[in-house]
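The block underneath contains the structure these notes are about, expressed in structure tokens.
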Amino acid sequence: MFTLSSAALADSIRIGNHLIATGDSAGHVIDLVGKPDRKSHAAKKKGETSGERWEYNRDHKTIVVTIRDGLVTTINQHAN
């Protein structure tokens, strides 16, 4: 179950009984919800470090978690 509206950017998201929040470690995310369905390089803005986009497909929705320097920096959800 997701508790965010479509195309939403959030500081945290609940997936089932688990809460993922910005600042969480990449390892913590994997411990809670498993390996992502898809990984790609995150777009980099000026002054940002390189990172990864982790995509999770659940219940007809996609959650995109951006990881930079081993930490969650953004969480985005949209309907499929």
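Values quoted throughout were computed directly from the atomic coordinates according to the rules given, and no laboratory measurement underlies them. The shown structure was predicted, so the numbers you read here are calculated from the model rather than taken from an experiment. Cβ atoms come from the backbone with ideal geometry, glycine included; neighbour counts cover every protein chain shown.
Quick check on my filter: what residues within segment 39-67 are over 11 Å from the mean Cα position of the chain (by Cα) and more than 19 Å from Gly16 (Cα to Cα)?
Across segment 39-67, the qualifying residues are Ser40, His41, Ala42, Ala43, Lys44, Lys45, Lys46, Gly47, Glu48, Thr49, Ser50, Gly51.
Which of the residues belonging to segment 21-80 are free of Cβ contacts under 8 Å to residues at least 24 places away in the same chain, polar (S, T, N, Q) and in a strand (DSSP E or B)?
Ser40, Asn57, Thr62
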